[in-house]
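Here, each number is a calculation from the coordinates, and none is a lab measurement. Everything numeric in this text was worked out from a predicted model, so none of it was measured. With ideal geometry, Cβ positions are generated from the backbone for all residues, glycine too; neighbour counts draw on all protein chains shown.
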Amino acid sequence: MAVAEVARPTVLFKTDFTCPRCGSCLVFIEEGDNVWLGCDRCALYVRMSKRDVRRYWSYTSRRVLWRDLLRDLYSSFREAAD
Ligand SMILES: [Zn+2]
């Protein structure tokens, strides 16, 4: 029997934010205790812990405010890419 070890579920999707360095679409990655936004081409990523992601939970709409989360990650990314 083959054993495939999948330690943690990973979510990955392309965003419509673009890298200020190369113009590629940034990817959003959810992995373990962290989320990341970054550019695969430049190998540059910014990280946020899921503890901090909770700040974006909306109790009224009972969902994460992804737009706000991504916008803040993107502004950190732009600073990092500077
Ligand atoms: Zn890039």
Within the stretch 29-68, tally of residues that are touching a residue at least 24 places away in the same chain (Cβ under 8 Å) and not in a strand (DSSP E or B): 2
Matching option when the condition is within 21 Å of ALA81 (Cβ to Cβ) and more than 13 Å from the chain's Cα centre (by Cα), among CYS25, CYS42: CYS42
